[in-house]
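Right, one structure below, let's go through it.
The values are calculated or read from the model by the stated rules, or taken from the named source; none is laboratory data. Quantities reported herein were computed from a predicted structural model and do not represent experimental measurements. In this analysis, Cβ positions are derived from the backbone assuming ideal geometry, glycine residues included, and neighbour counts consider all displayed protein chains.
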Amino acid sequence: MKKLFVIILSIIAFNSFSQEVSEETKRKFSFGVDVFTDIWQKLPETLDPATINQGVNINGSYNYILNNGNFSLSPGIGLSYHNLNNKSLTMTIDDSTIFVPVPDSINFRRTKFTLGYFDIPIELRYKSKSDVRFAFGFKFGILMTSFTKYKGDDYRLPNDNNKLVIYKKVRIPNVSRFRYGLSLRLGYKWLNIWGFYQLSSVFDKGKGPEMYPVSVGISLMPY
């Protein structure tokens, strides 16, 4: 959460800087950060997700103005990270990835499952003269990283009490290389409400839980 707070402050500061950017540049290019929580769908019962699963998108796009009007077609590129805070560890059994609950006898502070993507979004945008914004889009993503992180007592050595460890497991097996979904944005000037509905499952079919995130948050667009 501290990292997200820093990002929000950075965007607010960048918004002040953007006042110096020419109107023509603002018309052709857009830059923004989406700060959100993921509402995970179809999770296995063993996961026990947290209420807040913070994530972030950073993106930039070029705006093709349609008929010199208020509509534009805006393709771009971006980076996004999704988190699933939970109480489980990942294991691979019979070439399938599963989530196994941390034993009740083990004291731990947190576990999380993280996915990072390189995104190629495209949006159809409307911007009124009074700076009311609306956008509907599609986003295709390529997996960059997947990992789990555990912080707590050493579950590998359960008899070694009060030994705080941090385990990070990278390249989680069977995570789909590609993902895609629909996005929606509505706001005024640089502050927007943003959502993303992922249509594809996180894991390859038959190789893990058929789960996917629905993201809801705010979008900060200095221009």
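Just to be sure, is PHE196 at pLDDT 95 or above and either over 22 Å from the mean Cα position of the chain (by Cα) or surrounded by 14 or more Cβ atoms within 10 Å (Cβ to Cβ) (or both)? Let's see the steps before the verdict.
On the way: at pLDDT 95 or above: yes; either over 22 Å from the mean Cα position of the chain (by Cα) or surrounded by 14 or more Cβ atoms within 10 Å (Cβ to Cβ) (or both): yes.
Yes, satisfied.
What is the residue count in the stretch 98-116 for residues that are touching a residue at least 60 places away in the same chain (Cβ under 8 Å) and surrounded by 19 or more Cβ atoms within 10 Å (Cβ to Cβ)? Don't jump to the end; show me each part of the working.
Taking the stretch 98-116 as the starting set, the residues that turn out to be touching a residue at least 60 places away in the same chain (Cβ under 8 Å) are 98-99, 115.
Now drop any that are not surrounded by 19 or more Cβ atoms within 10 Å (Cβ to Cβ), which leaves 99, 115.
Total satisfying the criteria: 2.
For the list (1) more than 30 Å from GLU23 (Cβ to Cβ); (2) more than 14 Å from the chain's Cα centre (by Cα), I need the number of the one condition that TYR212 fails.
TYR212 satisfies every listed condition except (2).
Anything in the stretch 117-164 that is surrounded by fewer than 15 Cβ atoms within 10 Å (Cβ to Cβ) and small (Gly, Ala, Ser)? List them, or say none.
SER128, SER130
Kindly provide the set of residues from the stretch 76-100 that are over 20 Å from MET144 (Cα atoms) and either small (Gly, Ala, Ser) or touching an Asp or Glu at 6+ places or on another chain (Cβ under 8 Å) (or both), ordered by number.
If the condition is that a residue be over 20 Å from MET144 (Cα atoms) and either small (Gly, Ala, Ser) or touching an Asp or Glu at 6+ places or on another chain (Cβ under 8 Å) (or both), then ASN86, LYS87, SER88, SER96 are the ones that fit.
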